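Everything on this sheet refers to the single structure shown next.
Please treat every number below as a calculation from the coordinates, not as lab data. Quick caveat, the model's predicted, so the values are computed rather than measured. Ideal geometry is used to build each Cβ from the backbone, glycine not excepted, and the neighbour counts take in all protein chains shown.
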Amino acid sequence: MSVIEATVISKDLIFPEQKEIPQSIKQKDIASEQLSLLRQKKKAQEELKQKAEAERKAKEAAEQKQKEAEEVARKKAEEEQKQAELAKQKAQEEAKKQKAESERKAKEAAEQKQKEAEEVARKKAEEEQKQAELAKQKAQEETKKQKAESERKAKEAAEQKQKEAEEVARKKAEEEQKQAELAKQKAQEEAKKQKAEAERKAKEAAEQKQKEAEEVTRKKAEEEQRQAELAKKKAQEEAKQKAESERKQRDLQDRIDSERKNESQVREAIERFIPQLQMRVQRYWVRPPGVQNDMVTVLRVDLLPSGDVSNVTVIESSGDPVFDRSAQAAVYRASPLPIPANKEAAKQLKSFNFKFCPNC
């Protein structure tokens, strides 16, 4: 006979799912589950916060790095601009020296040319004067010869006539000695008169011829002197015109250089004014919430001669009216603006466009 052992097992152990769970345990499990969910949510929020903080720090580091790079680039640009200005100044000084040297050489060449022209004119005048004196001397010698020849011929004629008269008188003297003597006396007196008349006429003719020769010589000398003076005057006038032309050219070049220098000074003054304006407006700008760094607005700024801002108008909006108004307000608060000392630059900045952005 076999013995069977039996064990009584509780119904609750066999079907635990069918066992009724107490209400307090249910509430405890729900609270535990909610606490776990809250912890998970808090952990997720903490992770999001840490991630946002890391992104913010990374963004700040990137912005700082960009600012440092921009500062390095700005310093490099300023140094390059300084070197360029020094090179430009050196080139201008060299050009000025070359110009002065060219002008000096041109002046020396003009003076040398004028001296040579005057020397040629002087030598020509001296030669013409010498030729005039030789012609005058020759004319005087010719006149003397002609006068001597006339006197000789007149004397020979008179002597011949006297001989003939004496011969007639001698023949008649035998018959009419008294009449012959009277005739001889009369003939001698007539001969004297005729001789004197002949000598007078010869002298007058010689003097008239000499006067005419001297007049011709004088007129020729005067004409040559006049031509020499005209040539000298013409050379002086040409030299004067050339000097005046060179002076006008120098004045024109000086005005051009002055205008270029003034334009360069105006441009440099305006270029210095823009960064000063940017820094001053940035200092007075109050950043509105939600403004992005890439926003840009262009303003029309009107200034009084004192530098006070009279009007600010938006001519190119950023698309955000709040940002545009904040830029306008910053310009008004920055008044008066640092106007350049250069009058022409200040005149050009009476009304100008101003580009404003948070990172400009």
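Brief remarks follow.
- Taken over the Cα atoms of the chain, the convex hull encloses 298 Å³ per residue.
- Think of the chain as having a plus end and a minus end, set by charges on the Cβ of Lys, Arg, Asp and Glu; of GLN140, SER36, SER351, GLN140 sits farthest toward the positive end of this dipole.
- For VAL314, the residues 5 or more places off, or on other chains, whose built amide H falls under 5 Å of its own are ARG300.
- Here's how it looks for ASP308: its modeled amide H is under 5 Å from those of LEU337, which are all 5 or more places away or on a different chain.
- Against the chain, whose longest principal axis comes from its Cα atoms, helix 321-334 is set at around 50 degrees.
- Protection proxy ranking, peptides 326-335, 58-67, average beta carbon neighbours within 10 Å, highest first: 326-335, 58-67
- Centre-to-centre separation between the Cα atoms of the range 334-360 and those of the range 152-218: 117 Å.
- You can think of it this way: the chain between PHE352 and GLU141 has 66.5 nm of extra reach, that is 0.36 nm per residue less the Cα-Cα gap.
- Between GLU181 and GLN98, the contour length at 0.36 nm per residue exceeds the Cα-Cα span by 19.3 nm.
- Of the residues ALA58, LEU277, GLN225, the one whose Cα sits farthest toward the positive end of the charge dipole of the chain, with +1 on the Cβ of Lys and Arg and -1 on the Cβ of Asp and Glu, is GLN225.
- On Cα atoms only, tilt of 23-173 relative to the major axis of the chain in degrees: 0 degrees
- Cβ-defined net charge surrounding GLU46, 13 Å radius [Lys, Arg +1; Asp, Glu -1]: +4
- The residues ASP324, ASP294, when put in order of fewest to most other Cβ atoms within 10 Å, stand as ASP294, ASP324.
- Cα gyration tensor, the range 285-360 - rounded (a/c under 1.5), prolate or oblate: prolate
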